[in-house]
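Worksheet: one structure, shown below.
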């Protein structure tokens, strides 16, 4: 697969992930404006904590088999047997794990601060289960280079979620008569905002799974146990890496209400504010996710090429340039983006640049991590992830009581920076790639300087229009610098070269 093809697939995967993130982005202003009351902020905090727990469970339910599937699909002749073996594995484990979650729903609801709402745990369990069952069919689409169907299925599910969320939260309160005895009115009045949002998400996961029928519908119950053991030996470390990654990404939303020196209402409100502002980093996170979906099979396919290190280095440079653009697009124009969330959530806007910087480090780390995947040194990936998880846990534990949600943001940033640095130096030892560190570091330093200038302007003038003008100028300036430094390489790119000639 060429870099051009990787870019094309990243666009297709990006479309679906942009849609997924836009779902959250569209729903965030809707929900934060509709749930702008004190109780509404508590509800949003509850949803944020539940989705943090769901993210952890998703890692356990899939236990690294997606990466294992990519690794072994390029090594085995009978790819159907590989798929059926791994799908049967996930099917069996999903049934078992779902039963355990439902069985222990009471203590689990208490752990995630949802006492008295075991129905949330049941709904979340079914969301996790269908997500897990769809994981390998989606991996099959990626492995077979079918990003269009991947995007189509993802977007269909997302549209269902959008429709039901808006219908439940916005329209239903207007049409439901409390005194009516029709089935929908009776059912609706028994629901909470949290349960309605979960039901909308569950509908998305079920419909998504059904649309993948052609990928999983013909599976057989036969398993190649020898092959399964080989894949499990490779994939099991990914479970640890995945769990460590989730600690770094979402544990703060579970630790924040437990460690914050405040009552339950204030604590959940703080989680809601933190989660709402976290989503303002969407432009970086959506590109990172899109890139990961297209890059994983690309890196494995390129691994045996003699030019692989040079290819990886070139991909990294342009990847970082794109991350820098996403950072500036958000940070320079934060005065505009912050208006998309409810007014009572905007007190956390200072978190956004910290989280954007954290995501740049995370994106670079994902790109660097190719070395331990293609050299089968997954144990090194575990060590790096555990170091990051330790930093996250310790900083949150000791700093949340003092600095609140800002401790979460700085813990996230510190964790990813350390993981990025560790992965770079270890990678150069085991699989040297000639990354242009000076050029990449220069771009990262440049966006920091441009952001500092914009912050100075923001404090000097209260006029939004003037701040937007200066932000636009600084944004264009970055492109001019990139053009000057990368002009020769840009001319070699088919589309851009024609525009520049």
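The set of residues in segment 332-345 that are more than 18 Å from residue 465 (Cβ to Cβ), outside any loop (DSSP other than H, G, I, E, B) and within 22 Å of the chain's Cα centre (by Cα) comprises 340, 345.
Selection of segment 190-199 for residues being free of Cβ contacts under 8 Å to residues at least 40 places away in the same chain and surrounded by 12 or more Cβ atoms within 10 Å (Cβ to Cβ) yields 191, 196. Take the conditions (1) over 26 Å from residue 419 (Cβ atoms); (2) at pLDDT 85 or above; residue 340 misses just one of them, which is (2). Criterion applied to 403, 451, 443 was being closer than 29 Å to residue 333 by Cβ and free of Cβ contacts under 8 Å to residues at least 12 places away in the same chain, and the one residue passing it is 403. The requirement of being assigned to a helix (DSSP H, G or I), farther than 27 Å from residue 275 by Cβ and modelled with pLDDT of 85 or more is fulfilled somewhere in segment 159-177, by at least one residue. Considering (1) farther than 22 Å from residue 257 by Cα; (2) touching a helix residue (DSSP H, G or I) at 6+ places or on another chain (Cβ under 6 Å), the lone condition that residue 145 does not fulfil carries the number (2).
Residues in segment 347-365 that are in a helix (DSSP H, G or I), free of Cβ contacts under 8 Å to residues at least 60 places away in the same chain and either touching a strand residue (DSSP E or B) at 6+ places or on another chain (Cβ under 7 Å) or surrounded by fewer than 23 Cβ atoms within 10 Å (Cβ to Cβ) (or both): 354, 361. Condition check: modelled with pLDDT of 65 or more and either crowded, with 20+ Cβ neighbours inside 10 Å or in a helix (DSSP H, G or I) (or both). Does residue 40 satisfy that? When the stated conditions are applied, residue 40 passes them. Take residue 145 and decide whether it is surrounded by fewer than 19 Cβ atoms within 10 Å (Cβ to Cβ), in contact (Cβ under 8 Å) with a residue 60 or more places away in the chain and outside any helix (DSSP H, G or I). Taking the combined requirement at face value, the residue satisfies it.
The residue list 116, 64, 92 contains one member that is on the phi > 0 side of the Ramachandran plot and over 24 Å from the mean Cα position of the chain (by Cα), which is 116. What's the number of the condition residue 100 fails, among (1) surrounded by 19 or more Cβ atoms within 10 Å (Cβ to Cβ); (2) at pLDDT 95 or above? Unmet for residue 100, out of (1) surrounded by 19 or more Cβ atoms within 10 Å (Cβ to Cβ); (2) at pLDDT 95 or above: (1). Taking helices (runs of 4 or more DSSP H) as the structural unit, those lying wholly within segment 395-501 and holding at least 3 residues that are within 30 Å of residue 377 (Cβ to Cβ), out of contact with any strand residue (DSSP E or B) (no Cβ under 6 Å at 6 or more places or on another chain) and at pLDDT 95 or above correspond to 405-430, 437-460. Do the conditions hold for residue 401, that is, is it under 23 Å from residue 260 (Cα atoms), surrounded by fewer than 20 Cβ atoms within 10 Å (Cβ to Cβ) and more than 25 Å from the chain's Cα centre (by Cα)? Here the answer is yes, as residue 401 does meet what is asked. Considering segment 201-224, the residues that are free of Cβ contacts under 8 Å to residues at least 60 places away in the same chain and surrounded by fewer than 20 Cβ atoms within 10 Å (Cβ to Cβ) include one that is farthest from the chain's Cα centre (by Cα), namely 218.
Among the numbered conditions (1) touching a residue at least 60 places away in the same chain (Cβ under 8 Å); (2) under 18 Å from residue 206 (Cα atoms); (3) surrounded by 20 or more Cβ atoms within 10 Å (Cβ to Cβ), the only one that residue 157 does not meet is (1).
Taking segment 178-192 as the range and being under 33 Å from the mean Cα position of the chain (by Cα) and not in a helix (DSSP H, G or I) as the test, the residues that pass are 190, 191, 192. When residues in segment 193-250 are screened for being in contact with a helix residue (DSSP H, G or I) (Cβ under 7 Å, 6 or more places away or on another chain) and part of a loop (DSSP other than H, G, I, E, B), 7 of them pass.
The values are calculated or read from the model by the stated rules, or taken from the named source; none is laboratory data. Bear in mind the structure is a predicted one, so any value in this text is a computation, not a measurement. Counting neighbours? That spans all protein chains shown, and the Cβs are built from the backbone with ideal geometry, glycine included.
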